[in-house]
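Novice: Got a structure for you, questions after.
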Amino acid sequence: MAARSCAAQHLARVRIHLNLSTRVGPADFRSGAIDASLEFGDGRRPGLQSDFVAALDLAPYAAPSRVARFGGCIAATTPRAALLHHHTLPDAWEQWFRSDGIDAEAGRDGPRFEIMSMALNAAVAGLGAVLLPDFMAGDMVQAGRLQRLSPRTCRHAKGYYLVYPEESARLPALGTFRRWLLAGAAPAPSA
């Protein structure tokens, strides 16, 4: 924690300027307009450096209205059409079923959404249950718009990585940002 605090103080002194944008999928560094990217994946990008930043721990959530009507747990009897999916994690429900000891196939019958925030909004609207990280669902839980359906989490095989070309590694601003970011990162998963 002290290392992160020192790095944060250094960031404030050097006044790093960040340009942020979002996209689904890996960044294209060939244009030269991007020095680094925070990406979800397995950390293997040929010709690029990747530093592990955070794991993706998922838990099931649903709207209170849905819980009142259909119950507050995911089980073998849960209708598969009630499981909301996101394209970035097509196997997430299968992983959840295995990790939770549910002796059934999760299938992929439920609605599919391009990104997690769309699936979150669908769950808030009562369309079904969704697997989300706590950092995405927390505000909706606090507001009473979602309920967590299990105290357990399931760690997805992929995670979040800081990815950058070798030439970007020499940029002082990226070095400072990288040290600050990694000071607060969890230990890298064992391969």
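The values are calculated or read from the model by the stated rules, or taken from the named source; none is laboratory data. This is a predicted model, so every value here is computed, not measured. When we count neighbours, we look across all protein chains shown, and the Cβ atoms used for this are built from the backbone with ideal geometry, even at glycine. These accessible areas exclude ligands, DNA and RNA; they are computed on the full protein's heavy atoms, side chains included. Shrake-Rupley method; radii C 1.70, N 1.55, O 1.52, S 1.80 Å.
Novice: Determine the pairs where a residue that is farther than 23 Å from residue 126 by Cβ, located within the stretch 145-161, has a partner that is hydrophobic (A, V, I, L, M, F, W, C) and assigned to a loop (DSSP other than H, G, I, E, B) with Cβ atoms under 6 Å apart, the partner being 6 or more residues away or on another chain.
Specialist: Within 6 Å, no pair qualifies.
Novice: With the structure loaded, tell me whether residue 183 is at pLDDT below 95, over 21 Å from the mean Cα position of the chain (by Cα) and surrounded by fewer than 16 Cβ atoms within 10 Å (Cβ to Cβ) or whether it fails that test.
Specialist: So residue 183 does not fit the description; no.
Novice: Same structure again: Test residue 143 against the stated conditions and say whether it is small (Gly, Ala, Ser), under 30 Å from residue 18 (Cβ atoms) and open to solvent by 50 Å² or more (accessible area, probe 1.4 Å).
Specialist: yes
Novice: Please go through the stretch 74-99 and give me each residue that is in a loop (DSSP other than H, G, I, E, B), within 22 Å of the chain's Cα centre (by Cα) and in contact (Cβ under 8 Å) with a residue 12 or more places away in the chain, ordered by number.
Specialist: Within the stretch 74-99, 74, 87, 88, 89, 90 meet the criteria.
Novice: Could you list, in sequence order, the residues of the stretch 104-152 that are polar (S, T, N, Q) and in contact with a Gly (Cβ under 8 Å, 6 or more places away or on another chain)?
Specialist: 147
Novice: Further question: If the requirement is being of a type in the set (A, V, I, L, M), under 30 Å from residue 168 (Cβ atoms) and modelled with pLDDT of 90 or more, which of these qualifies: 58, 48?
Specialist: It is 48.
Novice: Scan the stretch 115-140 for residues that are closer than 11 Å to residue 63 by Cβ, touching a residue at least 60 places away in the same chain (Cβ under 8 Å) and not in a loop (DSSP other than H, G, I, E, B) and jot them down.
Specialist: Within the stretch 115-140, 123, 124, 129, 130, 140 meet the criteria.
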